[in-house]
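Read through the structure below, which is laid out as structure tokens, and then see the notes.
The values are calculated or read from the model by the stated rules, or taken from the named source; none is laboratory data. From a predicted model like this one, the values you see are computed outputs, not experimental measurements. A quick note on method: Cβ atoms are made from the backbone with ideal geometry, for glycine too, and the neighbour counts reach across all protein chains shown. These area figures cover heavy atoms from the full protein model, side chains too; ligands, DNA and RNA do not enter into them. Shrake-Rupley method; radii C 1.70, N 1.55, O 1.52, S 1.80 Å.
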Amino acid sequence: MKTSLPRMARIADLVDEGPKVRTLVLDLQLEADPGQFVMAWLPGLDEKPFSLVRANPVTLTVARAGPFSSAIQTLGTGEQLWLRGPLGQPFTLPPVEPSGTRSPLLLVGGGYGVAPLHFLAECARTSGWAASMVIGARTAADVIFADRFQALGVPVAIATDDGSMGQQGVATAAAERLLDEAAHGAIYACGPEPMLEAVERLARKWRMPAQLSYERYMRCGFGVCGSCAREGWLVCSDGPVRHVRA
């Protein structure tokens, strides 16, 4: 069981990603892997989990959804935020094939689930892997990080429910079209659970390994309280990344 005491960090930079979304860059560095998360704490208010967008420096993307996330979004440069972590089981890159080949990776993000996949894309590109990214969102206003993936050399396909950006439809339909066009070695996904279930079906259909990152309500973050239990496993400590074998 891995625990940690909260560490104080100050906000070094702020980036507005959209009407409801803000990215916080902190003056803190962590030894962490893509897919891991931190518990962010505002004393006297609450503590909530956030995926890491980057570990060096620590970068969090916060969507305004309730009192706690709204309070974080009001913080300004130089103000304090406390963090516990890194916590949870991360994504892992596939083994390199005996021939030395690295088959391209397919990343699928739904809504704000694109945040940990950006961290994964950075690490994958640094390690010599090619990747494609599918971003699914309700509307064009909800699409974030497309330019960041493209800056990494990762082509992006966008699917929106209303067709206001990219193709109209769900992210998994866009992902299947990419699989029809070219072979990929593994699928990585983060987003709403119905989307993850659809990605798992897609992976089994194409006989590909998949790694799925789940989002659940958490209190402790390290497997004691049981608030994030899902079908016999704890999202915080057994996950949030679950491996699906081909």
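The set of residues in segment 209-229 that are without any contact (Cβ under 8 Å) to a residue 60 or more places away in the chain, open to solvent by 10 Å² or more (accessible area, probe 1.4 Å) and closer than 24 Å to G136 by Cα comprises R216, Y217.
Residues G232, G239: which one is within 19 Å of S51 (Cα to Cα) and either at pLDDT below 80 or surrounded by 22 or more Cβ atoms within 10 Å (Cβ to Cβ) (or both)? Residue meeting the stated conditions: G239. Among the residues of segment 19-38, those identified as more than 16 Å from P90 (Cβ to Cβ) and surrounded by 16 or more Cβ atoms within 10 Å (Cβ to Cβ) are K20, V21, R22, T23, L24, V25, L26, L28. Within segment 87-104, being more than 14 Å from the chain's Cα centre (by Cα), of a type outside the set (A, V, I, L, M) and either within 30 Å of G221 (Cα to Cα) or assigned to a strand (DSSP E or B) (or both) holds for P94, P95. State whether the residues of segment 195-207 include one that is under 30 Å from D46 (Cα atoms), open to solvent by 20 Å² or more (accessible area, probe 1.4 Å) and modelled with pLDDT of 80 or more. Checking segment 195-207: at least one residue is under 30 Å from D46 (Cα atoms), open to solvent by 20 Å² or more (accessible area, probe 1.4 Å) and modelled with pLDDT of 80 or more. Among the residues of segment 87-100, those that are touching a strand residue (DSSP E or B) at 6+ places or on another chain (Cβ under 9 Å) and either surrounded by fewer than 21 Cβ atoms within 10 Å (Cβ to Cβ) or more than 22 Å from I72 (Cα to Cα) (or both) comprise G88, Q89, P90, F91, T92, L93, P94. For segment 107-122, check the following and say yes or no: at least one residue is open to solvent by 20 Å² or more (accessible area, probe 1.4 Å), within 25 Å of R10 (Cβ to Cβ) and in contact with a Lys or Arg (Cβ under 6 Å, 6 or more places away or on another chain). Within segment 107-122 (the criterion being open to solvent by 20 Å² or more (accessible area, probe 1.4 Å), within 25 Å of R10 (Cβ to Cβ) and in contact with a Lys or Arg (Cβ under 6 Å, 6 or more places away or on another chain)), the answer is no, since none of the residues qualifies.
Per the listing M195, M218, M208, the residue uniquely within 18 Å of P104 (Cβ to Cβ) and of a type in the set (A, V, I, L, M, F, W, C) is M208.
Selection over segment 152-171 of residues that are aliphatic (A, V, I, L, M) and more than 19 Å from L106 (Cβ to Cβ) gives a count of 1.
Is it the case, given these coordinates, that R125 is open to solvent by 10 Å² or more (accessible area, probe 1.4 Å) and touching a Leu at 6+ places or on another chain (Cβ under 9 Å)? It is true that R125 is open to solvent by 10 Å² or more (accessible area, probe 1.4 Å) and touching a Leu at 6+ places or on another chain (Cβ under 9 Å).
Restrict the check to segment 158-173 and report whether at least one residue is closer than 23 Å to R245 by Cβ, open to solvent by less than 20 Å² (accessible area, probe 1.4 Å) and among the hydrophobic types (A, V, I, L, M, F, W, C). Yes: one or more hits.
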